[in-house]
Each structure stands twice: as structure tokens, then as C-alpha cells.
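The values are calculated or read from the model by the stated rules, or taken from the named source; none is laboratory data. Just so we're clear, the structure is a prediction, and the values are computed from it rather than from any experiment. Positions of Cβ are generated from backbone atoms using ideal geometry, with glycine treated the same way; all protein chains shown enter the neighbour counts.
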Amino acid sequence: MTLVESPAPAAASRTLRRTTIAGILIFCIAVAVCLIGYLALTARGAWFGGPSALHWSATELKVTRGTARLGADGLLLLAPDATGTFVVSFNTSFRSTAYPVIAWDAINVPEGIEVGLLWNNDYKRARMFTRPLAIEAGRIAPVDLSGDRDWIGTIGGLAIALRGSFTGPVLLRGVTAKPMTPGEVLSDRFAEWLTFEPWNGASISTVVGGANAQELPLPALLATIVLLAALAYAALARWAPITVGTFRPAVVAAMFLAAWLILDVRWQWNLLRQVGVTYAQYAGKSWRERHLAAEDGPLFAFIEEARAKLPPAVEPAPRVFVVADAHYFRDRGAYHLYPYNVYFDPWRNTMPPISALRPGDYLIAYRRNDVAYDPARGRLRWEGGEPVAAELVLADAGSAMFRIR
């Protein structure tokens, strides 16, 4: 007996296959259109060929104002001059038209700092030109100088000036002059998307997806691709059903899942890298060594010294007040002090009222400003209030523990 395939199932199978192929092609074309459109808007250099990027490492940088130290990670800016200014410069020789973007690789730049790019050219060698730079997530944002009338000729020198109130060292790792060719722009975006994102206090609820500051976040790009592909598919299903078949919501859902899968693969890869970092940080260590290797290791070490100087935590246990400018340090300091009777403000950066203190209490001030102690008189004062009699029990690197008398 000969079996003959029914025409209806065969036709439905061909239609499904055609729709699947059309959905994949439309999604891929949407990817290409979005990337090419982005490059058309952002790339400044030649699409084919063009010069390579120029890079200067930290060893080539010269500090003309302020104090700095060259280390393994880069140039560490330690202390500004008397006017609160750092100036770092280096010699160059390149055509301005070939390199429209200058990117400083700097981290730990405080918000509110005034940052400016300085340069001179061969047209007016005696004059120094300047352009303000933006700070994004503690880093100096790249600056596009293609529209600056003074970015002309051969650039004979570059410098950066930082002025303001510095809360800690700033690390300069180098400078790059970018030709902004499409290949380089795309390479920079991939580098941002694939940047390792270590765990932090917000990782439990959100993941940025690469570098903290991105010119084109990957989720935004993928959302645009899915929207464009879905609209194109709906239009073709409406006006060219012979080509793509009738409209199927499952095709749009598959496009969304494809974009989701790309983000999830990136997240899983970042997670695997985090596993390696965590293993290297904690594996094979004792309980105490793991605490010292953690992010709050210095705080743990200080609290460990403080506990050694406190009376035993038996009834009646002494009261311990913990203050710090950062709420994280207040919370973690209190945690490491349990089972003592610990008092701290988890919400606001406050000091305990003097009326609430009594002899025998302890006050731990961890990296807290506006706490002054007069050892000659044995008086402790904070926030301009009345002094209180206290004894300095422990002091270490800007942190201290006092016993109220």
C-alpha cells in the first residue's frame, strides 16, 4: 500500500518553514540596519582603511602641578598644589583631522571636580587652547573635538587640568587619540558591553551590563532592533504575505526571546568571571582571612582591634555607639560588634546626642569627619557641640574608639 502525504499538512509545513526563515532574516537585517545607522551617526573616520588609534601610557605622562606617584596600575595623583589643581601633560605630534576624539583613561574622579583638556597646535604655538571635560561615573568622558575651530593643524602637546576638592587619589592609566573609524567605534562598543562587571551593593537587583558609562547600552540597542524587526515583519505580513506568510505573534515573541538570550549569555559569561574572582579572593582561607579579604576588610580589622579593648559582652554589656559618614560602614561596623549593645543610625549620618551618653559608654568613629579630640584635656567634641569627657582607647588611620567618662 502506498502512503501519499496530504497536501494540507505539507503546505502548512512549507509555510511555517518560510515564516521561520523570514523571521530570522528580518531580525538579522534589523541588526545590520541598527549598527550601520549608529555608525553613520557616530563614526568620523574613513569607513575603509584609516589610521590606527594612538595611545600614551602613564609612563609618558608628566605632572607639572601637584604631587603624583607612578605605580603598577598607572599614575596616581596624590595631592594637588596650593590652588587645588593638578596638571598632567605630554608631547604629541599628530594631525587633528585624523584624530577627532581624545579619551583619558582615569578612575576615581570625584563629582564636582573641574576638568579641562588643554592643547596647542602649529598655527599658534604660543597659545594654549582649552575645552571642559565631563565626568561620568567617576571617569572622564571622551571628548569629540571635530567641531572645535581650534582643533586644527598638528597637535603639538596635550594636557589635562583637574581643579577642586579631592577626597582621594585619582588614577590616570593613559590617553588615547581616536580616529573614530567605524571599526574602532564598533570595537569600543563591544569592549564596553563585555567589560567585567564585579558584584557590588546593587548587584542583587540590577546589573548594568558592562561598563558603568556606555555610549550605547546593549539593552537599548537590542530593544531598538526588536522593535524595528517586529514592525518590518508586521508590514511584510500585511502587504507581502506570499513572502513571509500571515502574521504570527510567535515570530515577534521569538525575536524578543533572541534579544533576551543575548543579554542572558552576556550575564552568564560575566557570572562565570565573577566565580573565578570570588574563588581567587576566598578559596582556601580561614574565617578571619575571608573577612579581611572582603570589601569591608579594613573595617573588620579595625573592629577586631576595638573588640579586643572592649570589656566582655556579658550582662551588663557596655553600650557601643557606631558613627561613620557612610551608612555602609555604620551597618557593617554594628554587625561586626554584635552581641554588644550597639547603637547606630542606619538611615542618616548623625551623632548621638550628648544627653544620651553616660560614663562607661564607648563611641567608635570610623572615617567620620567633624569629630575632634583634645588629648591634653581629655575632651571629645563633634559638630560644634559641647565637649564631653572621654578617653582615647584606639586610633588608627582616621578612625578611633573613645570611652565616655
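Computed values, structure above
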| item | result |
| --- | --- |
| Subset of the stretch 22-50 (residues that are buried (at least 18 other Cβ atoms within 10 Å of the Cβ) and closer than 23 Å to ILE102 by Cα) | TYR38, ALA43, ARG44, GLY45 |
| Test for PRO316: is it out of contact with any Pro (no Cβ under 6 Å at 6 or more places or on another chain), at negative phi and at pLDDT below 95 | yes |
| Complete set of residues in the stretch 368-405 that are modelled with pLDDT of 90 or more and on the phi > 0 side of the Ramachandran plot | GLY378 |
| Residue match in the stretch 353-362 (condition: outside any helix (DSSP H, G or I), within 38 Å of the chain's Cα centre (by Cα) and under 15 Å from ARG307 (Cβ atoms)) | yes |
| Subset of the stretch 357-405 (residues that are of a type in the set (Gly, Ala, Ser) and either crowded, with 17+ Cβ neighbours inside 10 Å or within 13 Å of VAL320 (Cβ to Cβ) (or both)) | GLY360, ALA365, ALA390, SER399, ALA400 |
| Unique residue being free of Cβ contacts under 8 Å to residues at least 60 places away in the same chain, farther than 28 Å from PHE196 by Cβ and of a type in the set (Gly, Ala, Ser) when the list is ALA293, ALA306, ALA280, ALA376 | ALA376 |
| Wholly within the stretch 222-318, helices (runs of 4 or more DSSP H) carrying at least 2 residues that are closer than 28 Å to CYS34 by Cβ | 241-244, 249-282 |
| Filter result for the condition that a residue is touching a Lys or Arg at 6+ places or on another chain (Cβ under 9 Å) and in a strand (DSSP E or B), over LEU380, LEU394 | LEU394 |
| ASN369 being polar (S, T, N, Q), in contact with a Lys or Arg (Cβ under 9 Å, 6 or more places away or on another chain) and part of a loop (DSSP other than H, G, I, E, B) | no |
| Meets criteria (among the small types (Gly, Ala, Ser), more than 33 Å from the chain's Cα centre (by Cα) and either modelled with pLDDT under 95 or more than 16 Å from ASP361 (Cβ to Cβ) (or both)) for ALA301 | no |
| Cβ-Cβ under 8 Å pairs, at least 6 apart or on other chains, the stretch 51-65 side within 20 Å of SER96 (Cβ to Cβ), far side among the small types (Gly, Ala, Ser) | PRO51/GLY45; PRO51/ALA98; ALA53/ALA177; LEU54/ALA177; HIS55/GLY174; HIS55/ALA177; TRP56/GLY174 |
| Which listed residue is closer than 16 Å to VAL63 by Cβ and surrounded by 15 or more Cβ atoms within 10 Å (Cβ to Cβ), from ARG163, ARG139, ARG189 | ARG163 |
